[in-house]
Structure formats: C-alpha cells, structure tokens
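Below is one structure, written out as structure tokens; the observations come after it.
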Amino acid sequence: MLNQIIEKIALYQWFREKEPPLKDSSKARYAVAALVDLACQSPQQPTTLAVIAKRQDISVSYLEQLFARLRANGLIKSVRGPGGGYVLARPSHDITIADIYTAVFDGAGVLAAASAEGASVQRQMELLWDAMEREVARFLKSVTVQDVLSGKLAAGRAPAE
C-alpha cells in the first residue's frame, strides 16, 4: 500500500513536471521499514543499526544517514554504551508516516500546502495536483507506525483519524 502511494506521488509529480517531493522514494521506504522494525522490539532493549540493516537488507552506512535525520526530528533516540542502540522516542501509535517523511526530507515536498489562486488551465492542473498531494499528506498523517505494525492497512482497514 505504501509503495503504491509513493508511486502515485511520483506520477503526480511527473505530470506537474516538477522535482518529485519524494526525491528518493527508497529513502522513505527504508526509514519506514527501520522504524517499524524498531517498533517490533522491546523499548527496554535498544537495537543496533547492524541488526536492523541485516533484517531489512539495508546498508549500515545508509541507515546511519537516515537515523541522523530521524533522531534530529525526535522520532528515535540513541542509547550509548554496552547493549546500546536505538529505540523509538515516542510510542509507535504517536509516530505517523508523515512524521517520517518530514524527517527524511526536511519537511519539503509532499507536505507542502498550495494556494488556490489563478484561472489558467495550467494553474488549474497545478491546483489539482496540489489537492492530490494534500490528500496523500492527510493520509500519511493518519497512518502511524503502529498501524503498519498491526496490519491495519493490509487488512483493508483505514487507520483511525
């Protein structure tokens, strides 16, 4: 489901002939996968990047880059020392997929709002794509890591709003 949303966003952006808001959709997918992986673990037992990298088939160096952004945005926290690693900074039901996108893309693109002025056909098309982006953003804001973890989306149930 998430992959379909990402593909639709890329398609919308292609029609708009603008820079895609999700410049590297794999970045978002890996970040979501890593946080869902962390959500599966006990918050009292930090998980190392090496373990996540192995389970999710992501390079450790790429995860380091993603985790720096996720940590800077308050989604995860690091635990130092023996037995250290990473844990979620908030409960999984309080972290939305939009939070993750905002963290890895510095708040740009898909979550941006659009104005509603202008009457040309080109402008109307821009407004159409902006409205679609807002709907995607609204959906991503409604989906939490816990929703993904619990299978609500796979079961066809919409997340609680």
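Remarks
- For the pair GLN45 and ARG71, label points projected 7 Å from Cα toward Cβ lie 2.2 nm apart.
- Extension gain, LEU149 back to VAL79 (0.36 nm per residue minus Cα-Cα distance, nm): 22.9 nm
- Computing FRET efficiency as 1/(1 + (r/R0)^6) for GLU64 and ASP94, where r is the C-beta to C-beta distance and R0 is 22 Å, gives about 0.35.
- Förster radius 25 Å - calculated FRET efficiency between MET132 and GLN56 (Cβ-Cβ, nearest 0.05): 0.25
Read-outs: derived from the displayed coordinates by stated rules, not from any lab. All of these numbers come straight from a predicted model, not from anything done at the bench. Every residue, glycine among them, receives a Cβ derived from its backbone with ideal geometry; neighbour counts consider all protein chains shown.
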